[in-house]
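First up is the structure itself, then whatever we jot down about it.
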């Protein structure tokens with residue numbers, strides 16, 4: 001049947017051009033994302049700082065919890081990305097071994113630039129040699145690297161989270177960027193913290209193991225070095241994974257819809273094959289063969305295009321802040337082969353249902369004259385449509401009993417189930433709604449358009465589906481995301497009762513001395529430091545990432561919190577969110593297990609439970625001194641310092657110094673919201689742009705196929721006396737009716753989702769307002785309308801150039 005498939009493709013290539021484009025685009029996107037993901041996962045980092053060491057001893061950077069007991073016990077692990085300090089007793093043991101070098105890393109600001117300070121002994125861990133001057137010999141002396149551009153005798157304005165100072169450059173060395181001070185100065189700056197113990201030979205491995213530390217050798221030594229791109233690459237992988245999943249799903253949708261429509265148009269052709277002796281299996285193989293040929297061509301074209309587009313995509317991600325500066329997308333043969341193979345699989349999956357339907361065509365249907373669609377609601381449509389409808393209803397019902405962010409997530413999910421269910425029921429809903437829409441409108445043109453749409457229900461549903469999905473996804477996704485984001489920002493702003501605040505402008509944060517100075521500004525009654533970090537907690541069978549807000553004493557004076565929060569000043573205490581209390585069944589007085597961002601364990605006692613809040617779903621409040629453990633007391637600054645009272649803005653700015661920026665709460669949250677909205681909008685625009693592109697292909701392909709197949713209908717209208725303009729008006733009226741139907745169905749699903757979302761938000765915020773980017777939604781709708789009219793009117797106009805008698809004589 002492969003030879004016959006080639007012949008049928010030659011005759012019907014225009015109808016399958018949309019499938020070819022959709023598959024090629026899908027393979028292109030899969031190739032781009034595959035190459036990008038391969039670049040992140042297969043990223044090779046050779047050690048730089050520890051390149052001269054044979055072995056590096058560091059604490060584990062994972063949190064592991066054992067669940068269950070006996071044979072059913074299992075371990076759950078989560079990677080923290082930070083490491084705790086090496087215990088003092090381990091440092092004492094290991095530093096006494098031959099060839100041991102104790103390394104400490106202290107983040108500082110030198111002028112406006114971040115830098116890392118290390119002890120002078122660390123120069124033995126990598127190639128480094130003095131090019132000028134001498135090593136540091138006293139406090140206040142420092143050696144810089146050649147790349148800094150500093151010279152011997154220069155003065156460095158240094159700011160740590162504990163103090164500000166002026167250091168004198170005594171030497172310049174080669175090697176990786178760093179600032180070196182005396183070993184004693186490094187101990188004081190780090191607060192005694194030791195980050196790693198390195199050895200020039202590997203003979204200390206057993207001693208390291210007995211100390212409970214990891215032994216890193218070879219390229220794994222790079223794991224002990226800071227990786228500023230790690231978090232950004234994680235976000236990049238998540239975004240690219242979303243692109244890949246969407247490309248696969250929409251490709252299957254376009255292929256399935258196009259082949260289903262093509263088979264419905266060719267029922268008499270399939271029936272003739274059956275009447276000529278073809279078995280159902282041979283007919284199925286014919287359809288699958290056509291799909292395979294198209295898929296091979298599309299896979300080749302898409303792979304080639306993806307290889308060319310991948311570097312541009314990497315540059316776009318870097319330019320818009322969605323990937324780190326060092327993100328390099330290079331060629332990877334396995335990624336290209338997997339993407340091409342995925343294109344073939346997508347084509348087969350999308351075509352399978354249409355091939356099965358083609359195999360069920362009876363030979364007697366070759367004698368059917370009418371083009372009326374019968375049995376447009378197939379058994380699979382009924383089954384999956386009812387399942388999805390039931391799932392949407394059950395999700396809404398379950399969401400009513402689930403509070404907080406989980407209830408909001410269920411509302412989102414129910415809208416997506418409802419959208420797909422409406423798409424499946426489109427052949428059933430379309431006739432009813434078309435009659436309701438066009439019934440009150442008089443005129444022959446509308447009557448003909450209505451009759452055409454009702455007669456070809458399958459064609460109508462095939463056109464409604466992509467419009468419904470695109471407008472529905474755009475409206476639900478954008479409006480829900482924007483509404484929830486605004487509500488969360490509003491909840492965070494409403495909580496703040498501070499008159500002003502000082503926000504950090506660099507990674508070091510607002511220094512401890514600045515906090516003390518701010519508290520003494522005339523008119524300021526409280527200066528409360530706050531630092532946000534990650535934390536970990538055990539759930540039923542995993543280790544979950546949560547947010548830990550480290551807050552200073554007096555937080556109840558600058559945040560709207562329950563009075564019991566005053567007890568948080570005691571070390572070993574914690575305040576938990578309502579969502580955590582409900583999920584874990586925690587109560588005031590319970591002792592809970594937590595791990596800080598650097599895996600340091602805590603067992604604090606719950607002193608208060610926060611009221612339900614949208615922005616504090618999985619959040620705990622810990623006393624501010626606890627934030628000192630990840631980097632030592634002098635190395636942790638505040639993200640922000642909230643001020644109570646009416647202090648003079650000029651005096652507050654002077655007290656904050658160069659490390660902080662003074663702002664009102666309104667201005668501070670407006671800036672945060674602007675950046676969050678910018679990143680969110682970039683991701684949404686990219687995702688919606690991809691969806692819109694596929695929708696244009698689906699709409700155009702369906703309408704081009706249907707218009708080209710209606711040559712005889714157009715001929716009948718022309719022979720009956722209709723002018724070309726009147727024929728185009730009929731086609732435009734039918735197209736407008738179908739597109740309007742898709743938009744109205746999308747609007748109905750969106751309205752239901754927003755009503756449920758507003759109900760959920762009303763439980764968590766004072767004022768739940770719907771915030772939807774109507775201009776963007778209108779633009780998406782407009783593109784769908786333009787594509788639909790262009791794809792129906794342009795082929796019709798071309799057909800009208802042919803004389804009516806010639807059109808009537810065209811074969812199917």
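The values are calculated or read from the model by the stated rules, or taken from the named source; none is laboratory data. Given the structure is predicted, the values throughout are model-derived calculations rather than measurements. Every residue, glycine among them, receives a Cβ derived from its backbone with ideal geometry; neighbour counts consider all protein chains shown.
The table for this structure:
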read-out	value
Qualifying positions in the range 485-516 - under 22 Å from the mean Cα position of the chain (by Cα) and crowded, with 22+ Cβ neighbours inside 10 Å	487, 488
Strands (runs of 3 or more DSSP E) contained entirely in the range 84-150, each with at least 3 residues that are closer than 21 Å to residue 202 by Cβ	100-103
Scope the range 155-178; condition in contact (Cβ under 8 Å) with a residue 24 or more places away in the chain, in a strand (DSSP E or B) and surrounded by fewer than 18 Cβ atoms within 10 Å (Cβ to Cβ); matching residues	157, 164, 165, 166, 168
Inter-residue pairs, beta-carbon under 9 Å, first under 18 Å from residue 394 (Cβ atoms) and in the same structural domain as residue 487 (by TED's automatic domain parsing) and in the range 753-769, second modelled with pLDDT of 80 or more and outside any helix (DSSP H, G or I), 6+ apart	757/770
Criterion violated by residue 234 - all others in (1) surrounded by fewer than 22 Cβ atoms within 10 Å (Cβ to Cβ); (2) in a helix (DSSP H, G or I); (3) in the same structural domain as residue 59 (by TED's automatic domain parsing); (4) touching a helix residue (DSSP H, G or I) at 6+ places or on another chain (Cβ under 9 Å) satisfied	(3)
Helices (runs of 4 or more DSSP H) wholly inside the range 710-812 that include at least 3 residues being within 43 Å of the chain's Cα centre (by Cα) and surrounded by 14 or more Cβ atoms within 10 Å (Cβ to Cβ)	724-762, 774-799
The listed residue being farther than 28 Å from residue 408 by Cα and in a helix (DSSP H, G or I), out of 464, 521, 508	464
Residues of the range 517-541 that turn out to be under 27 Å from the mean Cα position of the chain (by Cα) and modelled with pLDDT of 85 or more, as a count	8
Any chance residue 539 is over 30 Å from residue 77 (Cβ atoms) and surrounded by fewer than 19 Cβ atoms within 10 Å (Cβ to Cβ)	no
Which numbered condition residue 686 misses (of (1) within 30 Å of residue 425 (Cβ to Cβ); (2) modelled with pLDDT under 75)	(1)
Yes/no for residue 130 being surrounded by fewer than 22 Cβ atoms within 10 Å (Cβ to Cβ), free of Cβ contacts under 8 Å to residues at least 40 places away in the same chain and more than 43 Å from the chain's Cα centre (by Cα)	no
Residue in the range 276-293 that is modelled with pLDDT under 80, out of contact with any helix residue (DSSP H, G or I) (no Cβ under 6 Å at 6 or more places or on another chain) and in a helix (DSSP H, G or I) present	no
Selection status of residue 184, surrounded by fewer than 19 Cβ atoms within 10 Å (Cβ to Cβ), farther than 24 Å from residue 656 by Cβ, touching a residue at least 12 places away in the same chain (Cβ under 8 Å) and out of contact with any strand residue (DSSP E or B) (no Cβ under 9 Å at 6 or more places or on another chain)	no
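Each row is one residue, and each column tells you yes or no for (1) under 29 Å from residue 257 (Cα atoms); (2) modelled with pLDDT under 80.
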{"position": "8", "(1), (2)": "yes, yes"}
{"position": "11", "(1), (2)": "yes, yes"}
{"position": "14", "(1), (2)": "yes, yes"}
{"position": "25", "(1), (2)": "yes, yes"}
{"position": "39", "(1), (2)": "no, yes"}
{"position": "47", "(1), (2)": "no, no"}
{"position": "54", "(1), (2)": "no, no"}
{"position": "60", "(1), (2)": "no, no"}
